[in-house]
Amino acid sequence: MDNEFDVIIVGTGLTQSMAAAALAKAGLKVAHVDPNAYYGGDEAALTLDEVATWAERHSSPDTLDQVQRCTTYTAEYCSTLDVSHPKQYTISLSPSVIPAIGPFITSIIASGVSRYCSFKLLGPVSIYHGGQFKNVPRSKEDVFRDQGIPLIEKRRLMRFLMFVAGDYESSAEFQGKEDTPFQEFLRQTFSLSEDISQSVVFALAYCSYADEPTASALSRVRSCLQSTGRYGPSPFIVAYYGGSGDLAQAFCRAAAVNGSVYILGRRIANIACRDPSSETTGGGRRYALELDDFPEPLYASCLLSSQCHVPDHLRYHVAPISSETSNVRIRLGEVARGIVVLDSPLSPPGEDNEETQTTQSDSFIMVFPPGSVEGGSGVGAVHVSTAGPGTMCTPAEKCKLLLLLVMRDVTTTTSGIVYLSTPLCDQRRSPKALLEPYLAVILSSISPPPNILFQTFYTQRFPTETERTVPVDSEEDTYWTVPVLPADISHAVDYAAQIAEKAFWKVTSSIRGLDTASLEVSNGFWVGAVSEVDEDSD
């Protein structure tokens, strides 16, 4: 195998996988390695037995050094795995939805990756108010049809929606209030009621707290409004087979088609920075990466990885890539998460019409504002997403017998997945104790209540930033790190696309210099981009 490359990318998370696909399409020689035996990194999609193994491996806290540099997990509870055919389940470690308009959906189409994946429209979004679930309006028509919203509230809400859809950045209502807590802004500026303002804050802007800054929250609301109607009534679509993990693997597949080399399941033994002018091996490349049980080092002119893969002797000399995007919400330090597998798929709450249920998506979102459930969090919101056989995440087995030349259904086995997440504000409470009251509310809203087949609760801790000792954006940079994706169910994928685009230009500029001007890119950073017309015609 040729062991000399333009760039080595470490980690197959969604951001790194997108960058690998773009760089390979631009003609660069890419080696993509991952110490894990699976694709996706923190965004991986695992089978149910792999999740149980993953939870067992993370049952003890990580070291202080890992906490500072990596996303770490502590699985506080994991039930016994007593499920038939666990490999037929696909569980996402980072469940997310895809805005119908934004940099990520643009990259999916332009890269041609959409040909490798399947998608469907997200079902309704509902919010828990006054002991019951209420669907969140997704359009002006929904607002006017909703009999539960008083007429004066409809007028105030429509005024706000028109404000967000316009050029609000230069408006008097917005100037000087960029950092005002969002719910306070809604009440003071638009006189929205408690229920309506909570719906906007937690189910349109997908904030974790009521006091998140107005500027970033408004940007996310605008994104939702712009995305509504592109593919249907929902502003979001969902990917099959575990979402982000399958998408990361699809980008890796696109990179491999364009010549990238993939090595998974090999521990990184060492990364050495060399003087290219004095080295006789590696073709004058600056970096040598050594893998366990691998015959030769890999050499490259540039490196791209997450901070946790940077060796100690280089950790203060790498160049972090960041995004100035306005729609990234507050960075959370710790998140309580739960994964629950049920013996039947869920239907959206409040959907009583039998015909509606038969056509309704089993992928939808439920939102619990702070203080809405007794025994739950009084500070942070809980966001719940679901998956099922409709996105090929759980088995849907239908056994048939041929009897007297008549096909008859004998047994039907389906199941559903519930993902719960909320900021972990009180360190004295475990993820299980914090999230179980919400799970109880969800299960009690279903008749008959489904049985729990498997559940695990864990804490996700995000790393602290590591400062560097070399100038930012130095022309001499050749080793970059990408940030961890935020715990944002609605816009994390767009953030990944923005970081991947920056990484693409930094690497290509370092390798090709001024020659990057000759790259025929479109839709941001994709060479030979597939147009949406071409994609629709396939």
Spans of helices (runs of 4 or more DSSP H) in the stretch 174-235 with at least 1 residues without any contact (Cβ under 8 Å) to a residue 60 or more places away in the chain, open to solvent by 10 Å² or more (accessible area, probe 1.4 Å) and hydrophobic (A, V, I, L, M, F, W, C): 194-203
Only one of 510, 444 that is of a type in the set (Gly, Ala, Ser), open to solvent by 10 Å² or more (accessible area, probe 1.4 Å), modelled with pLDDT of 90 or more and touching a strand residue (DSSP E or B) at 6+ places or on another chain (Cβ under 6 Å): 510
Test: residue 500 is open to solvent by less than 30 Å² (accessible area, probe 1.4 Å), part of a helix (DSSP H, G or I), at pLDDT 75 or above and not charged (D, E, K, R): yes
Which listed residue is buried (at least 23 other Cβ atoms within 10 Å of the Cβ) and either without any contact (Cβ under 8 Å) to a residue 60 or more places away in the chain or not hydrophobic (A, V, I, L, M, F, W, C) (or both), from 242, 259, 284, 265: 242
Which numbered condition residue 39 fails, given (1) closer than 17 Å to residue 254 by Cβ; (2) open to solvent by less than 20 Å² (accessible area, probe 1.4 Å); (3) not in a helix (DSSP H, G or I): (2)
Residue 165 touching a residue at least 40 places away in the same chain (Cβ under 8 Å) and open to solvent by 10 Å² or more (accessible area, probe 1.4 Å): yes
Among residues of the stretch 269-279, those that are surrounded by fewer than 18 Cβ atoms within 10 Å (Cβ to Cβ) and either among the β-branched types (Val, Ile, Thr) or assigned to a helix (DSSP H, G or I) (or both), counted: 3
Only one of 144, 119 that is surrounded by fewer than 22 Cβ atoms within 10 Å (Cβ to Cβ) and closer than 26 Å to residue 47 by Cα: 119
Counted residues, the stretch 424-441 - those being in contact with a helix residue (DSSP H, G or I) (Cβ under 8 Å, 6 or more places away or on another chain) and either polar (S, T, N, Q) or open to solvent by less than 30 Å² (accessible area, probe 1.4 Å) (or both): 1
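Residue-by-condition table, conditions (1) under 23 Å from residue 368 (Cα atoms); (2) more than 20 Å from the chain's Cα centre (by Cα):
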position	(1), (2)
173	no, yes
182	yes, yes
193	yes, yes
199	yes, yes
202	yes, no
216	yes, no
220	yes, no
223	yes, no
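Does residue 76 meet the test of being of a type in the set (Asp, Glu) and either more than 29 Å from residue 464 (Cβ to Cβ) or open to solvent by 30 Å² or more (accessible area, probe 1.4 Å) (or both)? Show your work before the answer.
Numbers: of a type in the set (Asp, Glu): yes; either more than 29 Å from residue 464 (Cβ to Cβ) or open to solvent by 30 Å² or more (accessible area, probe 1.4 Å) (or both): yes.
Spelling it out, residue 76 is indeed of a type in the set (Asp, Glu) and either more than 29 Å from residue 464 (Cβ to Cβ) or open to solvent by 30 Å² or more (accessible area, probe 1.4 Å) (or both).
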Sole exception among (1) touching a strand residue (DSSP E or B) at 6+ places or on another chain (Cβ under 8 Å); (2) crowded, with 16+ Cβ neighbours inside 10 Å; (3) of a type outside the set (D, E, K, R); (4) at pLDDT 90 or above for residue 370, by number: (1)
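Listed residues 386, 422, 413; which is at pLDDT below 95 and in contact with a strand residue (DSSP E or B) (Cβ under 9 Å, 6 or more places away or on another chain)?
Matching residue, one of 386, 422, 413: 413.
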Subset of the stretch 280-297 that is part of a strand (DSSP E or B) and out of contact with any Lys or Arg (no Cβ under 9 Å at 6 or more places or on another chain) - its residue that is nearest to residue 269 (Cα to Cα): 290
Enumeration of residues in the stretch 1-34 that are more than 21 Å from the chain's Cα centre (by Cα) and either open to solvent by 20 Å² or more (accessible area, probe 1.4 Å) or more than 21 Å from residue 307 (Cβ to Cβ) (or both): 1, 2, 3, 4, 5, 6, 24, 25, 26, 27, 28, 29
Close pairs (6 angstrom Cβ cut-off, 6 or more residues apart or separate chains): more than 24 Å from residue 424 (Cα to Cα) and open to solvent by 30 Å² or more (accessible area, probe 1.4 Å) in the stretch 305-333, at pLDDT below 90 and not in a helix (DSSP H, G or I) anywhere: 316/468; 316/469; 317/470
Given (1) part of a loop (DSSP other than H, G, I, E, B); (2) of a type in the set (Phe, Trp, Tyr); (3) at pLDDT 85 or above, number of the condition residue 316 does not satisfy: (3)
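The values are calculated or read from the model by the stated rules, or taken from the named source; none is laboratory data. Please read these numbers as outputs of a predicted model, since none were measured by experiment. Cβ coordinates were reconstructed from backbone atoms using ideal geometry, including for glycine residues, and neighbour counts include every protein chain displayed. Ligands, DNA and RNA are excluded from the accessible area calculation, which covers all protein heavy atoms including side chains. Shrake-Rupley method; radii C 1.70, N 1.55, O 1.52, S 1.80 Å.
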